[in-house]
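Some notes on the structure that comes next.
The values are calculated or read from the model by the stated rules, or taken from the named source; none is laboratory data. For clarity, every value in this text was computed on a predicted model and none was experimentally measured. Neighbour counts are summed over all protein chains in view; Cβ atoms, including those assigned to glycine, are modelled from backbone coordinates with ideal geometry. With ligands, DNA and RNA removed, areas are computed over all heavy atoms of the protein, side chains included. Shrake-Rupley method; radii C 1.70, N 1.55, O 1.52, S 1.80 Å.
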Number of protein chains: 2
Amino acid sequence: MSETERKRRVRRLPREVRERQIADAAVEVFSRHGYHTASMDEIAEVAGVSKPMVYAYLGSKEELFAACIRREAQRLLKAIADGVRNDVEPDMQLWTGLRSFFHFVGSNRSSWMVLHRQALAVGGEFAEEVSQMRSRSIELVAALVVASGTRKGIGEQAEKSGEALAAALVGAAESLADWWLDHPGVPADVLASWLMNLVWLGFGDLVAGEVWSPKDLTPPA
Amino acid sequence: MSETERKRRVRRLPREVRERQIADAAVEVFSRHGYHTASMDEIAEVAGVSKPMVYAYLGSKEELFAACIRREAQRLLKAIADGVRNDVEPDMQLWTGLRSFFHFVGSNRSSWMVLHRQALAVGGEFAEEVSQMRSRSIELVAALVVASGTRKGIGEQAEKSGEALAAALVGAAESLADWWLDHPGVPADVLASWLMNLVWLGFGDLVAGEVWSPKDLTPPA
DNA sequence: GGGATAACCTACTCACGAGTAGATTGGCGG
DNA sequence: CCGCCAATCTACTCGTGAGTAGGTTATCCC
């Protein structure tokens, strides 16, 4: 390596910059290997610094992971908040939200994998953080659902099940995002439309009082 | 400890029995702590044997985990297969399937947590195993959806999106199962009904040619 | 230019947990 | 009743990776 290269590589950067580099590296490595399998050495290497720097700036492995979770969760929430229109009908609100969500996942795969796959599995405080974000989303969705029909058809049942259905919808979106990772080539908007078609008509018919119910089973011949 | 107690505790059991005890313990411990955090020592302790027994009977930690995954996946699939009625209409097939699924989760929480939360996060062969089970479920659901309407309304769009929607539904079921863990007191049948109401009417309207589509957005004031 | 200080590194310690060697003993077939 | 073997244990090794001690040097500012 030439002297110039050496000097360029060794150039010292302000803490602020390094912290971002390290956090970026951490998100990538955590998303690749998962919390436990990821090593601080690899994170340091990917970030282009040595291990003590990581500890000096971001603290222990747990703290580093927590920082990643927090940062990525914030970014996701902001992306959705920026994309959602709250001056429109509930269905449009939901659609704009889903749209933003899929766009975010599409252009931030590592972030999504860390949030969805890793944080939940690790448990403890981390899962808490993510759970809260998830809960906020669910409540939001639940509010939309209730607002859309003001329970005009089904009353008590809808109230009880509202949160559960919201959870199901959020899960469906997450699952669809995962499916997307293995089947790229579909635009985010199309994904969002599919999901809207799947669930909104379901929600719509629900509030209109139309319900599916199991028929009696006759024993097989 | 008295001599009798000592003898009872120390009584030797045939390999077959010990293997089951160890596997049971492993599922419980893995579900509590996750793959990496779980220690072979704790598994041995919970199983009531010493560590070398675990290695002698079930092999390495990886092998043990794989065995757990396989066993629990089989149990889950069998439970669903036993519960599903394939001599009835597609909607009833789906309902009976969901019903069995929720019943299984309700009475086998540890199994479910290992399969859903841990196996995916660990990655590698394990995730493969679970992914395959998941894929089989998704294909099955997709078949139901297609069969139910024979694409009578939307054609190509439905074909492309069928698998994605099935993935979404499976995800919704999984997510609802997770929600259930935090909100017990709802019977499994009710959960299944909620989900049917949510998605089936969506599917139904889809195949009937009814679609939701975003309206044009006018900029806010 | 020359301290001061923050950026940065090499090279360690140390705990924890996977995996094992080798001794011990209950219980069954003869 | 006895020998044999499978069942079982205690007590280790050893690799790996988190976390750190202590020194070095670039860069800023006067």
Legend entry - Test: B:D82 is within 14 Å of chain A (Cβ to nearest Cβ), away from DNA strand D (no atom under 16 Å from the Cβ), in contact with a helix residue (DSSP H, G or I) (Cβ under 8 Å, 6 or more places away or on another chain) and open to solvent by 40 Å² or more (accessible area, probe 1.4 Å): yes
Inset, instruction - Give the residues of the range A:167-191 that are at the interface with chain B (Cβ under 9 Å from one of its Cβ atoms) and closer than 22 Å to A:E89 by Cβ, sorted by residue number. - result: A:A168, A:L169, A:V170, A:A172, A:A173, A:D189, A:V190, A:L191
Inset, instruction - Scan the range B:55-65 and give yes if some residue there is away from DNA strand D (no atom under 16 Å from the Cβ) and touching a helix residue (DSSP H, G or I) at 6+ places or on another chain (Cβ under 8 Å), otherwise no. - result: yes
Inset, instruction - Give the range B:73-121 a look and list any residue that's touching a Gly at 6+ places or on another chain (Cβ under 7 Å), assigned to a helix (DSSP H, G or I) and of a type in the set (A, V, I, L, M), or say none. - result: B:I80, B:A121
Legend entry - Check on B:R11, over 27 Å from A:V122 (Cα atoms) and within 16 Å of DNA strand D (Cβ to nearest atom): yes
Legend entry - Within the range A:116-143, considering residues that are in contact with a Lys or Arg (Cβ under 9 Å, 6 or more places away or on another chain) and in contact (Cβ under 8 Å) with a residue 40 or more places away in the chain, the one least open to solvent (accessible area, probe 1.4 Å): A:A121
Legend entry - Looking only at the range B:14-59, and only at residues there that are within 14 Å of chain A (Cβ to nearest Cβ) and near DNA strand C (Cβ under 8 Å from one of its atoms), the one that is least open to solvent (accessible area, probe 1.4 Å): B:A38
Inset, instruction - Find all pairs meeting these conditions: Cβ atoms under 8 angstrom apart; at least six residues apart or on different chains; first residue within the range B:168-194 and surrounded by 15 or more Cβ atoms within 10 Å (Cβ to Cβ); second residue β-branched (V, I, T) and not in a helix (DSSP H, G or I). - result: B:W180/B:V186
Inset, instruction - For the range A:192-212, enumerate the residues that are modelled with pLDDT of 75 or more and either more than 7 Å from every other protein chain (Cβ to nearest Cβ) or not in a helix (DSSP H, G or I) (or both). - result: A:A192, A:S193, A:W212
Legend entry - Extreme residue, farthest from DNA strand D (Cβ to nearest atom), among residues of the range B:29-41 that are part of a helix (DSSP H, G or I) and within 17 Å of B:L120 (Cα to Cα): B:S31
Inset, instruction - Tell me which of these B:T96 doesn't satisfy, since it passes every other one: (1) open to solvent by 20 Å² or more (accessible area, probe 1.4 Å); (2) touching a residue at least 12 places away in the same chain (Cβ under 8 Å); (3) within 13 Å of chain A (Cβ to nearest Cβ). - result: (1)
Inset, instruction - Using the structure shown, decide if B:A44 is in the same structural domain as B:E125 (by TED's automatic domain parsing) and assigned to a helix (DSSP H, G or I). - result: no
Inset, instruction - Name the single residue, out of those in the range A:60-79 being within 14 Å of chain B (Cβ to nearest Cβ) and within 16 Å of DNA strand C (Cβ to nearest atom), that is least open to solvent (accessible area, probe 1.4 Å). - result: A:K61
